[in-house]
Amino acid sequence: MDEQILTCGDLSLSLLTPKVMGVLNVTPDSFSDGGSYHKSSGELDLKLVLQRVQIMLDEGAEIIDVGGESTRPGAAQVGIEEELKRVVPVVAAIRKQFDVVVSVDTSSPAVIRQAADHGAGLINDVRALMVDGALNAAVDSRLPVCLMHMQGQPQSMQSSPSYSDIVAEVYDFLSQRLAACTAAGIDRQQILLDPGFGFGKSRAHNLTLVNELHRFTTLECPLLVGFSRKSTVGEILNKPVNERVYGSLALAYEALRQGAKILRVHDVAATVDIVKIHNALEDNRIGEEWYES
Ligand code: PT1
């Protein structure tokens with residue numbers, strides 16, 4: 001694979017080295033940072049949002065992922081009007097203040113279109129552009145897209161996840177969505193793939209996907225992964241959401257080893273440190289002929 005450069009509207013993003021995507025949930029109900037940026041009236045406080053973005057950028061995030069619908073296990077779906085009201089002003093405000101790639105975590109064609117009109121640089125869809133109209137909206141936006149695998153829907157996906165071969169099924173799904181997207185006119189170079197950790201998967205399914213992540217590199221699209229503070233980490237450590245940083249970093253490091261190019265995380269500073277260590281080890285390898293042979 002040659003150097004991947006994503007064209008994110010007026011910005012571009014090189015994936016020659018892995019990038020950190022900082023999570024910004026503008027929802028009242030997300031599992032980790034839900035409700036953090038709301039006034040007591042329940043209204044979103046844009047000043048708090050922009051302060052959080054500034055911190056993540058100072059810590060080294062190169063993408064900010066804005067989500068207006070919680071997709072954690074058990075979360076309820078949100079109406080289009082509410083999602084638009086949450087997401088679009090935030091995308092616009094971030095882009096007014098910062099030259100950073102803003103990703104929108106959405107499955108809705110209306111949100112894709114309006115966010116793109118207000119400066120979004122990437123579409124991150126946990127439903128892999130399968131909602132009616134979403135694929136066309138993404139094609140029209142000309143933005144890069146992240147296609148993720150999920151079994152079921154957030155409300156019920158953890159009730160009984162079941163696969164005969166987790167890796168093969170996720171691989172085939174991503175390969176089919178990749179084909180659908182290129183057929184619809186999305187440039188192959190603009191497509192990211194994500195196995196969807198925690199989305200309709202047991203702890204064993206998640207761990208197998210981590211161990212076998214390298215197999216997905218044969219799809220020849222950059223891999224995006226999100227383990228940050230998720231319940232698989234919590235189950236292994238028997239720790240609550242706010243004590244899962246080190247566990248999440250261990251999985252992120254393994255994912256880097258196996259070729260992940262974007263890490264979607266809450267803990268930006270810590271993750272940027274492990275990316276730097278990974279990069280230093282990679283640089284040190286170059287020129288070591290014995291390694292090639
Ligand atoms: C992800 C992701 C995402 N995760 C992409 N987008 C979430 N591309 C939202 C738990 O088990 O991995 N990739 N957008 C958050 N979703 C979850 C899922 C949060 C599971 C928590 C859990 O605790």
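The values are calculated or read from the model by the stated rules, or taken from the named source; none is laboratory data. None of the values given here were measured: they were computed from a predicted structure. Methodologically, a virtual Cβ is constructed for each residue, glycine included, from the backbone with ideal geometry; neighbour enumeration extends over all protein chains shown. These accessible areas exclude ligands, DNA and RNA; they are computed on the full protein's heavy atoms, side chains included. Shrake-Rupley method; radii C 1.70, N 1.55, O 1.52, S 1.80 Å.
List of remarks:
- Once both labels are positioned 7 Å from their Cα atoms along Cα-to-Cβ, the gap between Glu220 and Arg285 label points is 2.1 nm.
- Pair Asp117, Asp140: separation of 7 Å Cα→Cβ label points (nm): 0.9
- For Lys96, the lysines whose Cα falls under 19 Å of its own Cα, not counting residues fewer than eight places away in the same chain, are Lys47, Lys85.
- Membrane-span-like helices in the chain (whole DSSP H runs, Cα extent of at least 15 Å along the helix axis, mean Kyte-Doolittle hydropathy of at least 1.6): none found.
- Taking a ≥ b ≥ c as the square roots of the eigenvalues of the Cα gyration tensor, an a/c ratio of 1.5 or more together with a/b larger than b/c marks the range 113-268 as prolate.
- The range 1-50 and the range 116-143 have their alpha-carbon centroids 16 Å apart.
- Nearest-0.05 FRET efficiency for Thr17 and Glu235, computed from C-beta distance (R0 45 Å): 0.90
- Heavy atoms of His149: accessible area, 1.4 Å probe, square angstrom to 10: 10
- Partner lysines whose Cα lies under 16 Å from the Cα of Lys276, excluding those fewer than 8 positions away in the same chain, are identified as Lys19, Lys261.
- Under 5 Å, built H, 5+ apart or other chain: amide partners of Leu192: Val145, Cys146, Leu147
- Cα-Cα separations in the range 210-293 greater than 19 Å, expressed as whole percent: 45
- Ordered from longest to shortest, the equivalent ellipsoid semi-axes for the range 66-120 are 20, 11, 9 Å, each the square root of 5 times a Cα gyration tensor eigenvalue.
- Hypothetical label at Ala76: residues of the range 131-169 whose amide nitrogen lies under 18 Å (7 Å Cα-Cβ projection): 153-157
- Pairs of C-alpha atoms in the range 75-167 farther apart than 15 Å represent 61 percent of all such pairs.
- Estimated FRET transfer efficiency when R0 is 25 angstrom, pair Ala168-Asp132 (beta carbons, to 0.05): 0.35
- In the range 1-123, the DSSP beta bridges split such that about 30 percent are antiparallel, to the nearest 5.
- Near the amide H of Ser103, within less than 5 Å, lie the amide hydrogens of Ile64, Asp65, Val66, Gly121, all on another chain or at least 5 residues away, with H placed in the peptide plane.
- Size descriptor, Kirkwood hydrodynamic radius, that averages inverse alpha-carbon separations across the chain, Å: 19.2
- Peptide packing: for 70-81, 256-267, 235-246, the average count of neighbouring Cβ atoms within 10 Å per residue gives the ranking 256-267, 70-81, 235-246, highest mean first.
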